[in-house]
Amino acid sequence: MKKVVVAGCLCLDITPEFHDSQEKRKTASEWFLPGKLLQVGEASIHTGGAVANTGLAFRHFGADVSLMGKVGNDAFGKLVLDILNRHGGSRGAAVSEECSTAYTIVLAPPGVDRIFFHNPGANDTFGLRDINFDEIAGADLFHLGYPTIMRRMFEHPEELLEIYRRVKELGVKTSLDLTLIEEECDAAHTDWKKLFQKLLPSVDFFVPSAEEICFLIDKERYHEWIERASGRDLTEVLDIEKDITPLADRLLQWGAGSVLIKCGVKGLYLKTGENLEMPEEWQDKELFEPSFQADRVRSATGAGDVTIAAFLTGLLEGKDPGRCLQLGAAAGASSVTEYDSLSGLLSMEEMEQKIDRGWEKISIK
């Protein structure tokens, strides 16, 4: 059994259920009318953030997982720890007496991209001192998620650099994920280009979404995407060769071993470089995997996180790059069938069987 350490953002997600009869509403303005009462169904309450979504997905797929996140000693914190324990244990999660537990209210009405109300809580204080390097020393992979919304990480980037430097010295494979931020937030003032140029030589698998990484390193291109999308899902209008490949090339030039860019409903793009210490079949590859058709779509919250877990699990099990991409896409399509990231997940074996039977792909013109 492979050992994985997942660190970073940990929170509680609260997602109201919307009724199927409400699907005739197509725009955000039709959903959210000031002064109106909008009836919803039961709330789905589950853990969120990279530590829970990616970490517990790794565990679902059969890895031995240690979690390095932080919650407060409050009602939300107790809920988070209880959920983690129901999914195999909260080993490594710390409880702070000084901070509240982070939470996110996720609004995911049919036909409208998700809207998040997020309080960072204890995540803002997570940093170098919260990393247990003795635990990491025995791992096959170290994954960290969402430094873009963790204040100590983006205000003291030297700590993020030190974490990855020390992990690489231990000989452990590394991966890094991000999350999208607003232009007005404090994290947007960080010089992410400069930080990535220093950080990426210590990152074997850089796994951001297209929107996340484009906003941070090429805002002009990002704004052009938004204009091109004209209110639609941004990823639908992306051209892989013209929009995604140049971003991946730049990240590889900055030292990343490989770049997996999540392109939403479009699919997954992988490009690897000469710096990746993997078998020859992983060297200098460029692959794209279109998304699989989901049986239904309830919420995409956490789908990118479990996509990463499935892709990296396949890698740790010795599967080839193409198969790993398929597994990542399959996990994403499974995850969106429920309001939380985990309930809809199939096993690795079930996903492979469904893929081999000819799982239908999404066609986007």
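The values are calculated or read from the model by the stated rules, or taken from the named source; none is laboratory data. What you see is a predicted model, and the numbers here were worked out from it, not measured in a lab. Please note: Cβ atoms are built from the backbone with ideal geometry, for glycine as well, and neighbour counts cover all protein chains shown. The protein model used for the area step is the full one, side chains on, heavy atoms only, and it has no ligands, DNA or RNA in it. Shrake-Rupley method; radii C 1.70, N 1.55, O 1.52, S 1.80 Å.
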Pseudo-spin-label distance TRP359 to ASP233, built 7 Å along Cα→Cβ, given in nm, is 1.6
Pick out, in residue order, every one of the GluC sites (Glu not before Pro) in the stretch 66-163 that is DSSP loop and has at most 12 other C-beta atoms within 10 Å; say none if there are none.
-> GLU97, GLU98
Positive end of the charge dipole of the stretch 132-285 (Lys, Arg +1 and Asp, Glu -1 on Cβ, about the Cα centre): tell me which of TRP225, VAL167, GLY273 has its Cα farthest that way.
-> GLY273
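Roll a 1.4 Å probe over the protein chains and send me the accessible area per residue for the stretch 137-259 in Å². Kindly include the intermediate steps, with their values, before the conclusion.
Numbers: 5070 Å² over 123 residues.
Spelled out: the 1.4 Å probe surface of the stretch 137-259, per residue, equals 41 Å².
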Bin width 5 Å, alpha-carbon pairs only: give the P(r) of the stretch 54-152 as whole percents, running from 0 to the bin holding the largest distance.
-> 2, 11, 19, 22, 21, 15, 6, 2, 1, 0
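Express the relative contact order of the chain as a whole percentage, based on alpha carbon pairs under 8 Å and six or more residues apart in sequence. All intermediate terms of the calculation are to be shown ahead of the outcome.
On the way: 759 pairs, mean separation 53.1, N = 365.
Relative CO of the chain lands at 15 percent.
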Charge tally for neighbours of SER258 with beta carbon under 12 Å away, counting Lys, Arg as +1 and Asp, Glu as -1, is -2
Given H placed on each backbone N at 1.01 Å, which residues far from THR47 in sequence or on other chains put an amide H within less than 5 Å of it?
-> ASP13
Taking a label point 7 Å from the Cα of SER347 along the Cα→Cβ vector, which residues of the stretch 55-87 have an amide N closer than 19 Å to it?
-> 56-65, 87
Using alpha-carbon pairs under 8 Å, 6+ residues apart, how would you state the relative contact order of the stretch 78-190 in percent?
-> 21
In whole Hz, what ³J(HN,Hα) sequence does the stretch 249-256 give by Karplus (6.51, -1.76, 1.60; θ = phi - 60°), x for Gly and Pro?
-> 4, 5, 5, 5, 4, 7, x, 4
Per 5 Å bin, what percent of the C-alpha pairs of the stretch 204-281 does each bin hold, from zero upward?
-> 3, 16, 28, 25, 14, 8, 4, 2, 0
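Tell me, what does the Kirkwood hydrodynamic radius of the stretch 29-75 come to in angstroms if you use every pair of distinct C-alpha atoms? Intermediate values should be presented prior to the final figure.
On the way: mean 1/r = 0.0701 Å⁻¹.
Computed over the stretch 29-75, the radius equals 14.3 Å.
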For the chain, give the magnitude of the charge dipole about the Cα centre (Cβ charges: +1 Lys/Arg, -1 Asp/Glu; no others), in debye to the nearest 20.
-> 320
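Quick one: if the Förster radius is 22 Å, what FRET efficiency do PHE117 and ASP186 give, using the C-beta to C-beta distance and rounding to 0.05?
Working: r = 17 Å, r/R0 = 0.78.
Efficiency for this residue pair is about 0.80.
Report, in deg cm²/dmol and to the nearest 500, the calculated mean residue ellipticity at 222 nm for the chain, where each DSSP H run with n ≥ 4 adds -39500 (n - 2.57) and the sum is divided by the residue count.
Working: 13 runs with 125 residues, N = 365.
Per the formula, -10000 deg cm²/dmol.
Please give the peptides 328-337, 173-182, 199-208 ranked by average Cβ packing (other Cβ atoms within 10 Å per residue), highest first, as a rough proxy for protection.
Values: 328-337: 26.1, 173-182: 21.2, 199-208: 23.3.
Result, highest mean first: 328-337, 199-208, 173-182.
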